[in-house]
Amino acid sequence: MTDAARRRVRVVQGGPIMIEGPVRIELPDGSVVDSDRFMVAVCACRRSKTYPLCDTSHRRVRPDHPSAQGSS
Ligand code: FES
């Protein structure tokens with residue numbers, strides 16, 4: 001298989017896993033989510049309201065997260 005024929009998957013630090021679509025995502029409970037998008041963002045943080053697809057909830061700062069603390 002050539003490198004050009006390989007499907008590309010990119011892990012975004014702190015964010016989703018980007019997969020070239022279309023894709024079929026099979027979940028542990030047996031449900032299936034299809035996406036025909038050119039690029040599909042699969043949620044890796046489990047905070048998405050549209051899980052398993054990313055809804056950008058990973059961008060919201062959590063009050064208990066170190067990045068939300070002041071630098072005093
Ligand atoms: S990775 Fe974006 S909402 Fe989870």
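Taken together, the values in this text are just the output of simple stated rules run on the coordinates, not laboratory data. The structure displayed is predicted, hence computed values, not measured ones. Note: ideal-geometry Cβ built from the backbone for every residue, glycine included; neighbour counts use all protein chains shown.
Return the only residue of 21, 14 being within 13 Å of the ligand (Cβ to nearest atom) and among the small types (Gly, Ala, Ser). Outline the logic, then answer.
On the way: 21 fails: within 13 Å of the ligand (Cβ to nearest atom).
Within the list 21, 14, the selection yields 14.
Of all residues in segment 9-26, those that are without any contact (Cβ under 8 Å) to a residue 12 or more places away in the chain have Cβ atoms under 6 Å from Cβ atoms of residues that are within 13 Å of the ligand (Cβ to nearest atom), 6 or more apart or on another chain, in 9/19; 10/18. Strands (runs of 3 or more DSSP E) fully within segment 1-52 that include at least 2 residues being under 12 Å from the mean Cα position of the chain (by Cα): 9-11, 17-20, 39-42.
Among the candidates 10, 47, the residue that is out of contact with any His (no Cβ under 9 Å at 6 or more places or on another chain) and among the basic types (Lys, Arg) is uniquely 10.
The set of residues in segment 30-55 that are surrounded by 14 or more Cβ atoms within 10 Å (Cβ to Cβ) and of a type in the set (S, T, N, Q) comprises 35, 48.
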